[in-house]
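Single-structure report; data block below.
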Amino acid sequence: LNRPKKRNAINSQMWNEIGDAFRTLGTTGDGCRCVLLTGSGKGFCGGIDITDEKFFSGIVGNADDDNSDTSSSRDGARKSIAFLPQILKMQAAFTALEECPVPVVAAIHGACVGAGIDLTCCADVRVCSPDAKFSIREVRLGLAADVGTLQRFPKLVGFGSRMRELCLTGDDFGAEEAHSIGFVSRVSKTSTYSDLINVANDICERISQNSPVAVTVTKASLNYSRDHTVAEGLGHVALQNSSALMSEDLTKAFMMSGGAADVQFAPMQAHSRL
C-alpha cells in the first residue's frame, strides 16, 4: 500500500488496484510463490479515504446524473438497488486475497483501522510490530463494517464477548492483544520496520520452500473448510489430492526431506483464460 502521505487510506483507485493485483498474482506463470503485503510510511492502513467522493456518490446522489432532479433519483429503493453493486465490487476486491492461489502474508505496523482490518482479515498469515494499533472503526463512523470484518474476524479470533466488544465499540486494541486472541501469529521484537519485514520475510521464504502444488491445495482446503462441515471439507481435500498427489512434487519433497539440496519445484503454469 503506497499512499504514505494519506496513511495508506484506501481510495477508489487503490481499492480497484488491490483487486486487480490479487486476481493476477500467481495466475500468469509469474513464479510467484508467496505475497508479502505491507504499508509504506508510518502505518499500515488508515482505513477508507473518506475524502474520495466516489465511495459515497451512490448514497448522496451523483451530481453528474442528468436525472438527479427526478423523483427516480430521490427514491430510496432505487438508490439502494443502484448502490448495491458498488458494495459487492468492494467486497470482491478484498476477497481476491483469499482467492489468490498463493498465500498472502500481511506485515502490519502502526495504524491498521477500518478497511485495513477488512483487508488483513483476508490474508493467510498476519504479523505485526509492537507499535501496531488496530480498530474496527466503522461503527464510530455510523455504519456497520460491510466488506468482510464482521464475517471473517470472528472466525479468526472466535465468537466471544471480546470480539463483539471490539466490533460494537470501535475501541483500539494493540499488538499484544492481537497476538493473544490469534489475529496475528507473531509480533516482532522491536518496532523498527526492518525487524517486522525480517519476521514476515522468514515466513514467506519458508512457505516458498514447499511444493507450490501442496501450498495451493492447502490454502484452498483451509478456505473451503472454514465455511463447510468437517465431512464436506474432507470430501473437498480428497478430490483435490486425488489429482495433486500425481504431481512430481511429491517425489521431490521426499528427496528434500532426505537431505537432497539441489531439488527445485517447477513453477505453476499460467491459468487458462478465454
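The values are calculated or read from the model by the stated rules, or taken from the named source; none is laboratory data. Here the structure is a predicted model, which is why all the values come from computation and not from measurement. Don't worry about glycine lacking a Cβ; one is built from the backbone with ideal geometry, like all the others, and counts go over all protein chains shown. Only protein heavy atoms, including side chains, enter the accessible area calculation; ligands, DNA and RNA are left aside. Shrake-Rupley method; radii C 1.70, N 1.55, O 1.52, S 1.80 Å.
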- Task: Residues being open to solvent by less than 60 Å² (accessible area, probe 1.4 Å), under 22 Å from Asp30 (Cα atoms) and at pLDDT 95 or above: count how many of those fall in region 212-247.
- Result: 8
- Message: Please go through region 22-58 and give me each residue that is hydrophobic (A, V, I, L, M, F, W, C) and over 21 Å from Asp146 (Cα atoms), ordered by number.
- Response: Leu25, Cys32, Cys34, Val35, Leu36, Leu37
- Message: Within region 146-159, does at least one residue satisfy the condition of being closer than 24 Å to Pro101 by Cβ and open to solvent by 70 Å² or more (accessible area, probe 1.4 Å)?
- Response: yes
- Task: Could you list, in sequence order, all residues of region 30-54 that are β-branched (Val, Ile, Thr) and either part of a strand (DSSP E or B) or open to solvent by 60 Å² or more (accessible area, probe 1.4 Å) (or both)?
- Result: Val35, Ile48, Ile50, Thr51
- Does Thr27 qualify as being modelled with pLDDT of 95 or more, of a type in the set (S, T, N, Q), open to solvent by less than 40 Å² (accessible area, probe 1.4 Å) and not in a loop (DSSP other than H, G, I, E, B)? no
- Message: Which numbered condition in (1) surrounded by 16 or more Cβ atoms within 10 Å (Cβ to Cβ); (2) among the aliphatic types (A, V, I, L, M); (3) free of Cβ contacts under 8 Å to residues at least 40 places away in the same chain is the only one that Ile18 fails?
- Response: (3)
- Query: Can you pull out the residues in region 4-15 that are open to solvent by 50 Å² or more (accessible area, probe 1.4 Å) and in contact (Cβ under 8 Å) with a residue 24 or more places away in the chain?
  - Reply: Pro4, Lys5, Lys6, Arg7
- Count, please, the residues in region 110-129 that happen to be farther than 27 Å from Ser225 by Cα, out of contact with any Lys or Arg (no Cβ under 8 Å at 6 or more places or on another chain) and either at pLDDT below 95 or open to solvent by 10 Å² or more (accessible area, probe 1.4 Å) (or both). 0
- Filter region 55-88 down to the residues that are more than 27 Å from Ile10 (Cβ to Cβ), modelled with pLDDT under 85 and charged (D, E, K, R), then identify the one that is least open to solvent (accessible area, probe 1.4 Å). Asp69
- Going by the structure shown, is Ile207 in contact with a Ser or Thr (Cβ under 9 Å, 6 or more places away or on another chain), hydrophobic (A, V, I, L, M, F, W, C) and either free of Cβ contacts under 8 Å to residues at least 60 places away in the same chain or open to solvent by less than 50 Å² (accessible area, probe 1.4 Å) (or both)? no
- Within region 248-274, count every residue that is among the hydroxyl-bearing types (Ser, Thr, Tyr) and either open to solvent by 90 Å² or more (accessible area, probe 1.4 Å) or touching a residue at least 12 places away in the same chain (Cβ under 8 Å) (or both). 2
- Taking helices (runs of 4 or more DSSP H) that fall entirely within region 118-202, which contain at least 1 residues that are of a type in the set (Gly, Ala, Ser)? 161-169, 175-180
- Message: Anything in region 236-263 that is in a loop (DSSP other than H, G, I, E, B) and among the hydrophobic types (A, V, I, L, M, F, W, C)? List them, or say none.
- Response: Leu245, Met246, Ala260, Ala261, Val263
